[in-house]
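I have a structure I would like to understand better, so I am pasting it below and will then ask my questions one at a time.
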2 protein chains.
Amino acid sequence: MTGPADFDVRQFLPYLLNQAAEASSLEFQKVYKDKYGMLRNEWRVLFHLGIYGQMTASDIGTRAQMHKTKISRAVQRLAERRYLTRTRAEDDRRVEYLALTAMGQKVYQDLKKTAADYDAALVDGMSEKDAATLRSLLERLALRP
Amino acid sequence: MTGPADFDVRQFLPYLLNQAAEASSLEFQKVYKDKYGMLRNEWRVLFHLGIYGQMTASDIGTRAQMHKTKISRAVQRLAERRYLTRTRAEDDRRVEYLALTAMGQKVYQDLKKTAADYDAALVDGMSEKDAATLRSLLERLALRP
DNA sequence: ATGTAATAGTTGTTTTTGTAACTAACAAGC
DNA sequence: GCTTGTTAGTTACAAAAACAACTATTACAT
C-alpha cells in the first residue's frame, strides 16, 4: 500500500500537468505570438469562434472555462485587430454576438493547421491507444469541478 | 488517415494540458496559499529542497525547469518566512547553498501529505494502469526540449 | 597577468493576470 | 410600477509573471 509517507511529490499530478503544459505550449505559443501578436487567451477565444461560429462571451466562458474578464480583454484585442466583430443582440441588449471576420477565419485556419502538425509531433512515438488514453484522462481532469 | 483538415482543436494537447493543469492546481493551490501564504513557485522550490536537501538555485532551476528570476524571488520570500537558510559557498562565492529550516521541513511535510491525499482523489476512478500511463506520458512531455 | 567570456544570482521595468467593484439591462415578486 | 435580485459585460486596482539589464565572481585563453 502506497501511503502519504512515501509519496513522491515529483509524481504529483498537478505538478506534472503544469510542467507538461508549460513545455508543450512553448513552441506553439511562439506561432500565435510572433506571427499574429496574440496571447493565449486570444487564441482560445479565436478557436472557439472558429469551431462554433457565432457565440456570446458567456458561451465561450462556459465552453473554455475562462473567466469573463479574460474573455472581455481577449475580445477587445481581437476586435482591434479586426479578427472578430461584435453585434449587440436586439432582444437582449446586454448580450453581444461575436463572430470571426474573414481575416479572423484565415488566422484560425492557419493556426489550426499549425496546431495539427504540432500535435502530431507531440504524440509521435506514443501508441495510438496511449495517446487516446492521455487525451481522455486530461479531458476528465479538466472537467473536474 | 486523420489530416489537419479535420483536426479538432478541442483535442489539441497543449490546450487539454493547460485546462487539466489549471483545474487540478486550483484546489491544492488554496492550501499553500491560504494556509502558508505561498505562491506556486515557492511551493516548487520548497518541495525540491524537501526532496533533495541542500541545493543551489541553479540546481533547482535545472530540476524544476524554472527560470532563475522565479527562483531568486521565491527563495527571497521563503527566506523571509524563515522556511529556508542561505549559505554562501566558500570555494565559489557566487554560489549559495539553500536548505530548509526545521519550520520549512514541517511545512513541506504537511503540504506533501495534503498533496498525496489530493493526488489520490484525482486518480480516483482511474485504473492503476491508466494513472501510470498518464504520469509517464506527462513526464515525457515535460522533458521535451 | 590580463582581457574576454561564462556563470550565479539579483534588480528594474513592462506585460499580464487576478480580484473586486462597477454599469447596464433584464426578470420576478408583490 | 417599483423594489430586489440576476445576468452580461467592462473597468480599476493590486498582485504576479516575463524579459532584459545588471553586479559579482570565476574560468579560460593568450
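Throughout, read-outs are computed from the coordinates displayed, never taken from laboratory work. All values derive from a computational prediction rather than experimental measurement. Glycine also receives a Cβ, built like all others from the backbone with ideal geometry; neighbour counts cover every protein chain displayed.
Taking K and R as +1 and D and E as -1, what net charge do the other residues with C-beta under 9 Å from the C-beta of residue A:38 add up to?
Here the count lands on +4.
Which of these, A:73, A:82, A:135, has the largest mean-square fluctuation under a Gaussian network model of chain A (Cα springs below 10 Å)?
A:135
Kindly state, to the nearest 0.05, the FRET efficiency for residue A:143 paired with residue A:27, given R0 = 30 Å and r defined as their beta-carbon distance.
0.70
Which of A:134, A:49, A:39 ends up with the largest GNM mean-square fluctuation for chain A, with Cα atoms connected below 10 Å?
Comparing A:134, A:49, A:39 in a Gaussian network model of chain A, the most mobile one is A:134.
From other protein chains only, count the Cβ atoms within 10 Å of every residue's Cβ in A:126-132, then give the mean.
Details: counts 4, 1, 0, 1, 5, 3, 1.
Mean shielding by partner chains, rounded to a whole number: 2.
If you don't mind, another one. Give me the inter-chain shielding for B:21-30: mean count of other chain Cβ atoms within 10 Å, whole number please.
6
Once Lys and Arg get +1 and Asp and Glu get -1 on their Cβ, which of B:31, B:14, A:89 lies farthest toward the positive end of the dipole of the protein assembly as shown?
A:89
Can you give me the Cα centroid spacing of segment B:68-141 and segment A:33-88 in angstrom?
35
Now for a different question. Kindly give the semi-axes, whole Å and largest first, of the ellipsoid equivalent to segment A:4-104, taking each as the square root of 5 times a Cα gyration tensor eigenvalue.
Those come to 33, 18, 9 Å.
Suppose R0 equals 51 Å. What FRET efficiency, 1/(1 + (r/R0)^6) with r the Cβ-Cβ distance, do residue A:106 and residue B:90 give to the nearest 0.05?
That pair, residue A:106 with residue B:90, gives E of 0.25.
I've got another one for you. Given the rule -39500 (n - 2.57) for each run of at least 4 DSSP H residues, summed and divided by the residues of the protein assembly as shown, what is its mean residue ellipticity at 222 nm, to the nearest 500 deg cm²/dmol?
-20500 deg cm²/dmol
Quick one: compute the contact order of chain B, relative version, from alpha carbon pairs under 8 angstrom and 6+ residues apart, as a percent.
19
Quick one: which residues, 5+ away or cross-chain, put their amide H under 5 Å from the amide H of residue B:95? H built at 1.01 Å from N.
Amide H neighbours of residue B:95, under 5 Å, 5+ apart: B:89.
Taking the label point 7 Å from Cα in the Cβ direction, how far apart in nm is residue B:29 from each other copy of itself, listed shortest first?
Counterpart label points of residue B:29 in the remaining copies fall at 1.5 nm.
May I have the extent of the alpha carbons of segment A:27-69 along their three principal axes, as whole Å values ordered from largest to smallest?
28, 20, 14 Å, listed from the longest principal axis down.
Counting Lys and Arg as +1 and Asp and Glu as -1, what is the net charge of the other residues whose Cβ lies under 10 Å from the Cβ of residue A:83?
Values: positive: A:77, A:81, A:82, A:106; negative: A:42, A:80.
Here the charged neighbours net out to +2.
Against the globular-protein guess of 2.2 N^0.38 Å, express the Cα radius of gyration of the protein assembly as shown as a ratio, rounded to two decimals.
1.13
What Kirkwood Rh does segment A:46-92 have if only Cα atoms enter the pairwise 1/r average? Answer in Å.
In segment A:46-92 this quantity evaluates to 11.1 Å.
With +1 on the Cβ of every Lys and Arg and -1 on the Cβ of every Asp and Glu, and nothing else charged, how large is the dipole of segment A:11-143 about its Cα centre, in debye rounded to the nearest 20? All intermediate terms of the calculation are to be shown ahead of the outcome.
Values: 22 positive and 17 negative charges, 112 e Å.
For this selection, approximately 540 debye.
Counting Lys +1, Arg +1, Asp -1, Glu -1, what net charge surrounds residue B:121 among other residues with beta carbon under 12 Å of its beta carbon?
Details: positive: A:144; negative: B:27, B:117, B:119, B:124.
Combined, the nearby Lys, Arg, Asp and Glu give -3.
Moving on. Search the structure for amide H atoms under 5 Å from the amide H of residue B:83, placed 1.01 Å from N in the peptide plane, and list their residues when 5 or more places away or on another chain.
none
Right, another one. Can you quote the Å³ per residue value for the convex hull of the Cα atoms in segment B:52-145, rounded to an integer? The partial results should precede the final answer.
Numbers: hull volume 11.7 nm³, N = 94.
Per-residue hull volume (Cα only) is 125 Å³.
Using Cα positions and a limit of under 19 Å, work out the lysines in reach of residue B:106, with same-chain residues fewer than 8 apart set aside.
B:30, B:33, B:35
Report the residue, chosen from B:38, B:55, B:126, that carries the largest GNM mean-square fluctuation when chain B is represented by alpha-carbon nodes joined by springs under 10 Å.
B:126
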